[in-house]
Structures are given as structure tokens and as C-alpha cells.
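The structure appears right after this line, and notes come after that.
Each reported figure results from applying straightforward, stated rules to the coordinates on display, with no laboratory input. Note that this is a predicted model, so its numbers are computed, not measured. Cβ: placed from backbone, ideal geometry, glycine included. Neighbour counts: every protein chain shown.
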Amino acid sequence: MAIVTRLSKACTVNPLKMSQTIGAALAFLGLDRCMPLLHGAQGCTAFGLVLFVRHFREAIPLQTTAMSEVTTIMGGMDNVEQAILNIYNRAHPAVIGICSTGLAETQGEDVEGFLRIIRARHPELAAVALVFVSTPDYEGAFQDGWSQAVTRMVEELAEPAGHRQPQRINILPGSHLTPGDIEELRETAEAFGFDAQVIPDLSGSLDGHVPEDFCPTTHGGASLSAIRGCGTATFTLAVGEQMRAPAEALKRKTGVPYHLFPRLTGLAAADDLIELLSERSGRPVPAKYRRQRSQLVDAMLDGHFAFAGKQVAIAAEPDLLAAVAPWFAEMGAKIAAAVTTTESPVLAALPTDEVLIGDLADLESRAGRCDLLVTHAHGRQMAARLGRPLLRMGLPLFDRLGGAHRTIIGYRGTRDLVFEAGNMLSAQTEEQHASRGDEHRKLQEAVSFSDAAGSGGQCL
Amino acid sequence: MSVLSTKVQGLLAEPGCGRNQAKSARERRAGCQNLLKPGAAAGGCAFDGAKIALQPITDVAHLVHGPIACEGNSWDNRHTGSSGPLLYRTGFTTDITALDVIQGGEKRLLRAIREIIESYDPPAVFVYQTCVTAMIGDDIEAVCQRASEQFARPVVPVNAPGFVGSKNLGNKLAGQALIDHVIGTREPAHTTPCDVVILGDYNVAGEFARVRPLLDALGIRVLASITGDGRYHDIACAHRARVSMVVCSKAMIHVARNMETRYGIPFFEGSFYGVSDMSDSLRQMSRLLVERGAPETLVARTEALIAREEARIGVRLEPYRAHLAGKRVLLVTGGVKSWSVVAALREIGMEIVATSVKKSTPEDKQRIQGIMGSDAPMIDDLPPRDMYRMLKEGRADILLSGGRSQFVALKAKVPWLDINQERHHAYAGYDGMVELVRQIHLTVNNPIWQQVRRCAPWDAAAPVRKAV
Ligand code: SF4
């Protein structure tokens, strides 16, 4: 059990957090033929774009209403209208996902009202879904924006259905799941005969593929018709506490009940998933997963030596923290420092004394004696200063390849994580031994030197 | 806000800007701010531009006053180098909350400045204004002044909130902040007749290290670099230089002009990219220094150095000729001056199939035309879709551009090399040109290209195989 604290400092140093505006934009990037549109000045879009391009190493469709000082004061109706028309004419998207920035929210823009007027004025837009989400960047954090965007998608686009298809399920992944994680989850569900619709689906759009032709919008992801049809599912599988609100919204709208998994990393967590899928499908667990479970158990047996008693410092968004920190504890390591970005009900239950809502400087000041640092790529400066290994996790990951495919859920993902983290911890231990060996040698040299000097050195 | 508007207008009317000179009085009043098209705009905001221009000052704390979007989404994303202090790479922001939006963020800002000075003790703090805090009326100039007095430390307001305009305008507002608050506020310990100021070089990928030894060899001292690998104290002393050189004219020319009128320091525009431009820059610098009292032998020594370097580089470039002659380049850039690169690539025998001149001044365009002949294919604006088509149709062997179009090229399975600010390689100086050519060679002639363009087995006409 942890106490959740927030320091009363005025200056954030080396931010861990990113804005909820771009968290929402990323959710829209998981829809097929979509163009996310940030309502604000152009810089917010440029920064979000660079961030995602560097993380996913993909072209990222992302637009701006290009507000200026003057249009902000006059009101942004014209800009929103122009932006939607320009995007419609140039890119022919199926969905435009509009996310507000702090600037628009400070002015109290009524974007929903704008959209009603725009709809009335432009019948040609009838086939384009326009989804607005309010995401001021002076509130919440990245995962909150994602959660709210998915909630809005469901509210706007999902349709109640008169019937249920027993094989059909919905998957609502949190922002901390990579395209690799999503693919793993979908394949697992399919192995039990389910037809899974993932909303939003980054594994379709940002999994790193080479389209045949130029595409100005997203290419792949959850399609409009799939979202509309999610009312026919028998149940929804939501991953991460942040997905409770979207799952609730979907239930309200369509009556589809949901199961929420706070995490899918770790043996017990993966067991829970497999148990549920088996139970709901009425099918036995396929041999493949029995074998994978056995591999994970073996990896834990082989790997636990590397983790036992080790001190780990983690900084991550609440749901990623809640996936990884308990798992480290289950491997025998100790969570010596935990920092996160925003409030969440999962924090108090984490296996550590204190969870700090703070920044990377807070982690750095608490991580000096830790064996392993875990955070996104911005932890690299801290890792260099502390001389400690950094397990890169979360977004952004701009200085390593393959971030989109790194999988840490289920038996197989957890097994690989045991290896990855275990290897880093072992390397660290070896280094310490080596340097202790150095000290030992130096000590011996010093002794033998004093022997040679005839001053009667002591025997070791 | 009115002070800022006046400043913006003043900067937009900058007579030293080649673009503005070509415009009529009326166009000039409209400013060089291309009116942005909602839903079809690209590029960073003024705050972004200001940060790019000033963050290379390595020993100061850069504090962003605003919500998390401005700093949290963008920090630590450029590769400007430092030969010493690393504080500039630490991200500082007030990360304002909804409560600050209601009550105003000035108190938080003042506290943040105090926290930074107490924990990091930097020679100065630069405070950046952003959209939301500007909108709610936080007066950063007043807060900075109060903080300067209270903490006896320079606290410099950089008033370039994103929504006043483009990255370019932000560059200029950054320069203005240096003029208004930094340059001329301190005196150097000693001066020499060969002191220069370099303006507008950001030391991307630490590339100034390729230029500095040349200046050292000539006895030319860089009194201040504005701003690549810069130090606060040096920039505060910049007004004692004899000559200034402007490397990226659009960003810092008004600073040079201001130093000329205020302190009588003559300036010239030059470039460190490309062999002939590098030599020209050294020549001009020596000549101006001699005019300002440097020993006359400097000119002859410079010529000797140039002759030696050009001969040496010619030999180093030679082996690449065979690999690169006839290769076709599509050049899309605003950063490293197009004409410098164009000349360099032509020297090695490469063909420029087209160059985008969206951000080039009429003067730049003229120079490109001079180098490439009258039918130089200059394209004003090349939207991603058209660029993709060009590359997909095989009309170029490599795209040289900034990161923005990286995936346009890669998805078309065409080699790509970064030549803008995010790049990791140092292209300045004589050896930098060899590095650029070497990187082009490594990229164009990489064995992956043939493989990734292969048909998948299910797309190709299947050969009938027999088991043996
Ligand atoms: S446009 Fe304004 S709010 Fe957006 S990043 Fe730039 S300064 Fe910040």
C-alpha cells in the first residue's frame, strides 16, 4: 500500500508528463482513415507530430486549426470550419477527431456548438464523423486524454444493437499498450474463437508497415463501421484503469458489459485473462498457451536470482506503473521509488511506500542507490548522471528501435520482460563485481607494495 | 500585449531581410508571416522558434512558463552540442494548472525562478512566454524584472508566445530578447583585435568543433557565439567584438544590424557549409578584421590556410566521386542553406533534380540559379503527396531534407538523409563537407535498397522449383 503525494514545488524539472491533448490525438490515430485535429495554435500540433514521428518512426497525420492571437480573441469558429473543410477536401478522411488545447479552453470555446453550425452549413460533410473531445493541457496527463477521447468516440459512434453475436468481443486498450501488446491480446482472444474489435487499434495504423500508396490520413486501425457495430459484442475487455470510463460509456450506450483488467503483465495477471477467455468461450485453453505458461514459469525460476532484493525506481503514467511495479515486486525486487503523472485509483494499491505525482528530477533524487531505472527515453540524462542502467518503457522512446513491437503482456510478453530486465540487472551485478574485484586487486597491490617496501604488510 | 505587438511589427518590417526588401510597402506591412491555413498548416510556433534560437546557450536555465504541452511534449529533442555546461538540456517548466489559469500564474513563475536559482545556481534564467499564460495576462517582463532584483541574477524574459506567429518570427523575437536584455550588459576581461561574434549558428551535432580549429589557427577569437555552445557571460560581452558573422540570415540578421548601429560592429553573411562558402567566409572575416585593426598579415595567412585546406579536402573528396557522380538528388530544406549544399553536391558530380525554395530569399534563389544554370528546377512548395509520387516514380536517387519528410521517402523506398536541425552528423567546415558526402554515399549505396524493393514471393511470378 502506498501513500500518494504531490510536492508543493512551483517548477517541474525534466517533465515525465505529456499533455492530455496529444494523448487524445494518439487515440484518434488508432482509427482508420482518421485525421486528428488539435484546436489551438500551430505549435502544439508541431510538437505532437515530432514526438510521435520520433517514437513510432512513421509519418503521422495531425492537423491544427492554426489559431493566432487575433482569432483567439475573436473566437475560433471560422478556424474550426476552415480546418474541417480543408481536411475534408485534401484528405477525404472517414473521421476527424478534434482535440482542444489549453488555448481554446482558456477562451471557453463552444466547439460542440461550432460543430452543429458547421454540420448545418455543409451537408457535404454528412459522411464524415466529427468527434470532439475537451482536453485542456493544464489538466490531467497523457493517459487522461486517451481515456477521454475513447469515451467520446464510443459515445458518438457506437450504436446499440438489437442482437448479440456470441463470438464478437470489444477490446479497449489503454494508452500504455503498444501495437505489439494489442496484437498479442487480439491473437489470444482469437485463439479462443473470439472475433475481437479493438478500439482504438494502433496495431493496425502504427505498427510500422509500408502502404502501397501515399496516404494523407491514418492507414489502418479501427474502422468506423467496426466501432458502430460494437454494440453486437457479448462483452468488452478493457485494459488499464483509464479504460473504465470508456467501458462504462460503451455499456451505457449499448448495454455490452465489460471486464476490466488493471494489468496483463505477470503470471497471475495473464492467468486471469486466459481463465476469463476460456470461461466465456467455453473452450479449453489451447496447447500453445499451456506451453507458453510453462515457459514463463521456467523463465521466473531461472530469472528470479537476478531480481531478488534489487531496488528499482520507476517513473511512468499510472496504468503503466500499475502494470510494471507489481510485476517487479512479484519477481522479488523492491520498488524503492515510484513517480507518476496524474491521479488514479490504482496508485494507492501499489507495492511501495510512496507514489509521487512528480517529474524525473524527483525520481533522480530518490533513485541514487537503485539498481535499475525504469522510465521513458527522457530518463537517459538521469541514467547517465547516476551511472545506472535504464530500462526504457512508455512513450516517447526515441532513441531505441522497435518500441512499437515491444510486448510485455500475457505469458509470452512477461517471459520476454523477465529476460530483458533480468539481463540488465545481471549486467549491473557483474559490473559491480568487476569493480569490487578492481578494488580488491588495488588493495592487494597496495599491500604487496608495502610488503616490498619492507614495512611488514598484513596478510590477506 | 501591446508592447509585444509593436515588437512583432518592428521585426516584420526588418529592412535587412532579403525577403522583405523584395516586397512592396503594402506587402511589407502585411508582414512575412504567411497567413496560416487552418487544417493545412505545418510548422512550429513562435515559442518553438525562440527556444531553438536560445536553448544552445548552455549554461543558463531555460524555464518555460505555460501548461505541460509546450515543454513536456518537446524537451530534449534537438542535438545542439556543448563543450562544457549541460544545464541547457534540463527541462524546466511551470506546468500551470487550471487554478493558475483562473488566478494567474505570475506567483508560480516567481517561485519557479527562485527554486531554479536555489537548486541550480545558473548565471541567468531565460523565461519563455507561451499561449495560455499570455492569454490570461501573465506579465512575464514584470515578473522577470522583479526576480532579477530580488535574486540579484539576470532573468531574461523571452516574450514569444506560440500564437504570435511562426518559428521564424520566434527566432527573431529571441534575438530581440538578447538585444534588449543581454548584449552589452557586461565587459570582457580582455579583448583582442581579432575578436569576432558568430550569429545564428546553433552548433548542431557539435559541428562548430570543425570550424573552431581553423579560426584558432588564424588567431581569430570567438568572443561570443550566439548561440551555439554559447555562454551567458560571453554573449553579454558580445558588443566588444570587432566583426560579426551571420550564419543563418533570417534568424539573427537584426541582431547583427543592431550591433552595427549601436556599437559600430560591421557584419557579413556567410556559411560554413560547402568548400567554397567556407573559404569565402574565412576571407571576408579576415578582410573585415584587418579593416578594423587586425594585423595585415592575417589576409595572407588566411589565403595560405584556405589553399592548404582546399587541397587537402579535394584529395579526401576524390574517392567519393566514383560512387556519387550522376546520382540524382532531391533537395528540400530551409535549414542548411540550399545554395551552399547545391554547390557542394555539384562539385562532386551529383545532379540536383529539384530543390525546394519555399523558405529561401530571392537572393538565395538567385544564387541557386547562378550555380545550376537558368533552367534550375526550383519548386516553391512540394506537398508530401507530390514528393512521394516523384520519389516513387524513381525521379531521384536520394532525398535530402528535414525530419518532416523522412517517412515520405522511406515509405517510397528511397534513400533519405537528414540535413536539418535534428540531424546527428556534423556538416560544417571543410571536413564537414566530406562527412556529408560520406553520409550520402553510405545512404545511397546501402545494400538494403535492392532488398526492400524486391517483390514478395506471392506477388512475383512464381518460378517452378523442383526438390533435389
Ligand atoms: S502553440 Fe502555444 S501552447 Fe502550443 S506549444 Fe506553442 S506556445 Fe505552447
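Some notes on this structure:
- Ranking B:Thr443, B:Ala311, B:Val125 by Cα position along the charge dipole of chain B, where only Lys, Arg, Asp and Glu carry charges on their C-beta atoms, puts B:Thr443 farthest toward the positive end.
- Computed log₁₀ I(q)/I(0) - Debye formula, equal Cα scatterers, no solvent, segment A:168-286, q 0.17, 0.19, 0.23 Å⁻¹: -0.85, -1.05, -1.44
- Listing A:Lys288, B:Lys167 from fewest to most neighbouring C-beta atoms within 10 Å gives A:Lys288, B:Lys167.
- Charge dipole (debye, nearest 20) of chain B; +1 at Cβ of Lys and Arg, -1 at Cβ of Asp and Glu: 1340
- Solvent-free Debye calculation, one equal scatterer per alpha-carbon of segment A:78-132: log10 I(q)/I(0) at 0.21, 0.27 Å⁻¹ equals -0.78, -1.22.
- Pairs of Cα atoms nearer than 8 Å and 6+ residues apart set the relative contact order; for chain B it is 14 percent.
- Rg/Rh for segment B:126-224 stands at 1.07; both radii use Cα atoms, and Rh follows the Kirkwood definition.
- Taken over segment B:37-181, the convex hull of the Cα atoms encloses 111 Å³ per residue.
- Residue order, fewest to most beta carbons within 10 Å, for A:Leu296, A:Leu276, A:Leu390: A:Leu276, A:Leu390, A:Leu296
- Taking all Cα pairs closer than 8 Å and separated by 6 or more residues, the relative contact order of segment B:37-181 comes to 36 percent.
- Mean projected area of the Cα convex hull of segment A:291-418, taken over all directions, amounts to 7.8 nm².
- Ranking of A:Glu364, A:Glu430 by count of other Cβ atoms within 10 Å, fewest first: A:Glu430, A:Glu364
- Relative contact order (%) - chain A, alpha-carbon pairs under 8 angstrom, separation at least six: 19
- Largest first, the three principal axis extents of the alpha carbons in the protein assembly as shown are 98, 93, 79 Å in whole numbers.
- Using alpha carbons only: equivalent-ellipsoid semi-axes of segment A:288-332, gyration tensor based, whole Å: 23, 16, 6
- Spatial extent of segment B:148-294: Rg and Dmax, with the Cα atoms as the point set, Å: 15.3, 51
- Chain B: DSSP helices with Cα axial extent of at least 30 Å and average Kyte-Doolittle hydropathy no lower than -0.5: B:297-324
- If you plug the beta carbon distance of A:His209 and A:Ala268 into 1/(1 + (r/R0)^6) with R0 = 25 Å, you get a FRET efficiency near 0.15.
- With the helix formula -39500 (n - 2.57) applied to DSSP H stretches of n ≥ 4, the protein assembly as shown reaches a computed 222 nm mean residue ellipticity of -14500 deg cm²/dmol.
- Dipole magnitude of the protein assembly as shown about its Cα centre (Cβ charges: Lys, Arg +1; Asp, Glu -1), debye to nearest 20: 1720
- Rounded Å value of the spacing that divides the Cα centres of segment A:213-282 and segment B:65-108: 36
- Assigned charges on the beta-carbon of Lys, Arg, Asp, Glu; segment A:94-182 dipole about Cα centre (debye): 460
- The residue among B:Pro154, B:Pro213, B:Thr261 whose Cα reaches farthest toward the positive pole of the charge dipole of segment B:137-286, with charges on the beta-carbon of Lys, Arg, Asp and Glu, is B:Pro213.
- All Cα pairs of chain A, percent lying beyond 35 Å: 36
- Taking the convex hull of the alpha carbon positions in chain B and averaging its projected area over all directions gives 28.1 nm².
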